Amino acid sequence: MAVQRPKRIAYARVAQESNALSPVLTTLDDFRRTHFLEGARLERACGRFGFETKGFLRAAELSGFVRAARAAGDAVETIPLFSAWAIPGGPLSRACFETLSDKLIHGLKAAAPLDGLFLSMHGAMTTEDDSDPEGTLLQRVRDTLGPDVPVAVSLDLHASLSRTMVEAATVIASYRTNPHRDHAKTGERAGRMLVDTLLGRARPTIAWRSLPLLIGGGRTLDFLSPMRAIFRRMKEMESRPGVLDCSLNMCHLWNDYPHLGWSTYVVTDDDPALAEALAEELADLAWSVRHEQPPAFSSPTDAIARARAARLARATGAVCMCDASDVVPAGAPGDNTRLLAALLEDASDLRCYVPLRDPDAVEALWGTPNGAPVDLEVGGRLDPARGEPLRVRGRLRGTFTQHGFDRVAVLDLGHVQLAITEGPALVMKPAFYRDLGLDPWKADVMVVKSFFPWLMYFLPYNRLPIFVRTAGTTDLDAAFELPFADPLHPRDPVAEWRPIDRQRRGIAP
Ligand SMILES: [Zn+2]
């Protein structure tokens, strides 16, 4: 009997979530600053003792894929190409996208012959001139590998599926937690389907639906009503024989893909009719929670009054304020000064920690001796149409260099300690403040610029979360400005999801 050679599967990541309203283009520098690994270094990072994305996750999608491949023993050989991930921001510059996309295609050609590819993407990337670059990239991959080489893709729960993406990929699996905590499991799910396909253990058949739904599902947290029941139903579906995987994508609001919306995607084993039935059922379930809208957010004045009244919360921990209009992991510039201005003006009895991105201010402050008086304008420069700089006076507390943030200058403004970052002010973990010498236990108020993940990381300190609306790129209704091609709930009246779904999937009415 002839010895089977191992199946050769390449793996790579090209991932970023873009905010089409942000004028701050994402460049290769942003990928370099956040995460870029290739070849042997990537392989080590995704191995048993590695750390996949420094400063963020020990094991993410690629580690999950490697785990699935390892479970197949000698039958599979994995080939690390590269992994590029940047913190959310504005659309990618054309040059940045072309460089990453060329690099992937060259990598595939150099690694030939390949039997399969695992590709980790976000699913809500845009560039300055392409609203579906992930579809473009997957189409290039498909043209390079040919029609028969299976390609497995992992996506964020906030992805939007395009027809091009669905048709170019063999299987797709997306996160099923929000805040996201199943990166590695998602990679493993997609990886297992890929390995099983290559080893002849499965013949994936897929179905999907695309809903004209922008905002629904309440807070959209997977463990709270109404989404909990839908995610539980997906688990039940997967326990049925013949069902390989189910995903529900809730899209990223500030994305200018013209056919944006929630989508469902189901993979079965050689059973297209079952895939169609389940994708349809999930779409109906998602549509049924469209009227549950997220809660309204506080104004800065109300937020400060609530923080002041929350004596017990402050005595046992801190009040955490999310600047919901300037959420960096949703692509906002992170330089909105309105909450800072309100805290400086109206919260002199509260000790506050505030982050702000301003590369120019960091440059101006670099080299200033610690303790020196400072008087300068900060913030409001990256998105001048939406923000304005704020003049602050105090002293320089210290300067630091932090992974992902580059240079950071901390100003002592009296009751406010202001951390000015050169890179995106992605304050998701309390370690950000701790590493700058700001003890979270001593704060009354800590400001974050993240929607969900910070809730997990700040758990030891956070006694009262307050979401504050300050007018910016990540206001929910700011997305309504974008040029969508279809009517979308809740911006427009939409009676039925099916006709739009059929158009999007290219099916005759
Ligand atoms: Zn997400």
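Looking at (1) buried (at least 18 other Cβ atoms within 10 Å of the Cβ); (2) out of contact with any Asp or Glu (no Cβ under 8 Å at 6 or more places or on another chain); (3) of a type in the set (A, V, I, L, M); (4) in a loop (DSSP other than H, G, I, E, B), can you tell me which one Leu119 breaks?
Of (1) buried (at least 18 other Cβ atoms within 10 Å of the Cβ); (2) out of contact with any Asp or Glu (no Cβ under 8 Å at 6 or more places or on another chain); (3) of a type in the set (A, V, I, L, M); (4) in a loop (DSSP other than H, G, I, E, B), only one is false for Leu119: (4).
Taking the condition in contact (Cβ under 8 Å) with a residue 60 or more places away in the chain and either crowded, with 23+ Cβ neighbours inside 10 Å or not in a strand (DSSP E or B) (or both), does Arg233 pass?
Working: in contact (Cβ under 8 Å) with a residue 60 or more places away in the chain: no; either crowded, with 23+ Cβ neighbours inside 10 Å or not in a strand (DSSP E or B) (or both): yes.
When the stated conditions are applied, Arg233 does not pass them.
Let's see how each residue does on (1) under 30 Å from Pro91 (Cα atoms); (2) at pLDDT below 95; (3) of a type outside the set (Asp, Glu):
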site: Phe231; (1), (2), (3): no, no, yes
site: Glu236; (1), (2), (3): no, no, no
site: Val243; (1), (2), (3): no, no, yes
site: Cys251; (1), (2), (3): yes, no, yes
site: Tyr257; (1), (2), (3): yes, no, yes
site: Asp270; (1), (2), (3): no, no, no
site: Ala286; (1), (2), (3): yes, no, yes
site: Ala296; (1), (2), (3): yes, yes, yes
site: Ser299; (1), (2), (3): yes, no, yes
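Of everything in the range 138-176, what is surrounded by fewer than 18 Cβ atoms within 10 Å (Cβ to Cβ) and either of a type in the set (A, V, I, L, M, F, W, C) or touching a Ser or Thr at 6+ places or on another chain (Cβ under 9 Å) (or both)? Give them in sequence order. Steps first, answer last, please.
Initially, the range 138-176 is screened for residues surrounded by fewer than 18 Cβ atoms within 10 Å (Cβ to Cβ), giving 139-140, 143-144, 146-148, 163-164, 167.
Answer for the range 138-176, where residues must be surrounded by fewer than 18 Cβ atoms within 10 Å (Cβ to Cβ) and either of a type in the set (A, V, I, L, M, F, W, C) or touching a Ser or Thr at 6+ places or on another chain (Cβ under 9 Å) (or both): Gln139, Arg140, Arg163, Thr164.
Tally up the residues in the range 239-270 that are within 16 Å of the ligand (Cβ to nearest atom) and more than 17 Å from Leu157 (Cα to Cα), please.
So in the range 239-270, the residues within 16 Å of the ligand (Cβ to nearest atom) come out as 247-255, 257, 260-263, 265.
Now restrict to residues that are more than 17 Å from Leu157 (Cα to Cα): none.
The number of residues fulfilling the criteria is 0.
If a residue counts only when it is surrounded by fewer than 18 Cβ atoms within 10 Å (Cβ to Cβ), which strands (runs of 3 or more DSSP E) contained entirely in the range 407-509 have at least 1 such residues? Steps first, please.
Values: elements: 416-421, 445-448, 462-468.
The qualifying strands (runs of 3 or more DSSP E) are 462-468.
Just need a number here: residues in the range 117-143 that are aliphatic (A, V, I, L, M) and within 16 Å of the ligand (Cβ to nearest atom). Walk me through it before giving the result.
From the range 117-143, those aliphatic (A, V, I, L, M) are 117, 119, 121, 124-125, 137-138, 141; that's our starting set.
Then drop every residue that is not within 16 Å of the ligand (Cβ to nearest atom), which leaves 121, 124-125.
Residues in the range 117-143 being aliphatic (A, V, I, L, M) and within 16 Å of the ligand (Cβ to nearest atom): 3 in total.
Matching residues to (1) within 19 Å of the chain's Cα centre (by Cα); (2) surrounded by 22 or more Cβ atoms within 10 Å (Cβ to Cβ):
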{"site": "Arg8", "(1), (2)": "no, no"}
{"site": "Val24", "(1), (2)": "yes, no"}
{"site": "Leu28", "(1), (2)": "yes, no"}
{"site": "Arg32", "(1), (2)": "yes, no"}
{"site": "His35", "(1), (2)": "yes, yes"}
{"site": "Ala45", "(1), (2)": "no, yes"}
{"site": "Glu52", "(1), (2)": "yes, yes"}
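Quick one: which residue in Leu221, Leu282 is more than 16 Å from the ligand (Cβ to nearest atom) and either in contact (Cβ under 8 Å) with a residue 60 or more places away in the chain or under 21 Å from the mean Cα position of the chain (by Cα) (or both)? Can you show your working first?
Working: Leu221 fails: more than 16 Å from the ligand (Cβ to nearest atom).
Exactly one of Leu221, Leu282 is more than 16 Å from the ligand (Cβ to nearest atom) and either in contact (Cβ under 8 Å) with a residue 60 or more places away in the chain or under 21 Å from the mean Cα position of the chain (by Cα) (or both), namely Leu282.
Identify, from the list Glu134, Glu128, the residue that is surrounded by fewer than 24 Cβ atoms within 10 Å (Cβ to Cβ), in contact with a strand residue (DSSP E or B) (Cβ under 9 Å, 6 or more places away or on another chain) and either more than 18 Å from Thr170 (Cα to Cα) or modelled with pLDDT of 95 or more (or both). Spell out the reasoning first.
Working: Glu134 fails: surrounded by fewer than 24 Cβ atoms within 10 Å (Cβ to Cβ).
After applying the criteria, what remains is Glu128.
Looking at (1) farther than 15 Å from Arg13 by Cβ; (2) out of contact with any Lys or Arg (no Cβ under 8 Å at 6 or more places or on another chain), can you tell me which one Leu108 breaks?
(1)
With the requirement that a residue be farther than 29 Å from Ser450 by Cβ and either within 16 Å of the ligand (Cβ to nearest atom) or part of a loop (DSSP other than H, G, I, E, B) (or both), what does the range 144-168 give you?
Answer for the range 144-168, where residues must be farther than 29 Å from Ser450 by Cβ and either within 16 Å of the ligand (Cβ to nearest atom) or part of a loop (DSSP other than H, G, I, E, B) (or both): Gly146, Pro147, Asp148, Val149, Pro150.
Just give me the residues in the range 169-183 being within 16 Å of the ligand (Cβ to nearest atom), in a loop (DSSP other than H, G, I, E, B) and touching a residue at least 12 places away in the same chain (Cβ under 8 Å), in sequence order.
Start the filter on the range 169-183 by keeping residues that are within 16 Å of the ligand (Cβ to nearest atom), which leaves 172-183.
Checking which are in a loop (DSSP other than H, G, I, E, B) leaves us with 175-182.
Within the range 169-183, Tyr175, Arg176, Thr177, Asn178, Pro179, His180, Arg181 qualify.
From the list Ser63, Ser93, Ser83, pick out the single residue that is over 30 Å from Gly146 (Cβ atoms) and away from the ligand (no atom under 16 Å from the Cβ).
Values: Ser63 fails: over 30 Å from Gly146 (Cβ atoms); Ser83 fails: over 30 Å from Gly146 (Cβ atoms).
The conditions single out Ser93.
The values are calculated or read from the model by the stated rules, or taken from the named source; none is laboratory data. Fair warning: this is a prediction, and the values are worked out from it, not measured in the lab. Note that we place each Cβ from the backbone using ideal geometry, even for glycine, and neighbour counts take in every protein chain shown.
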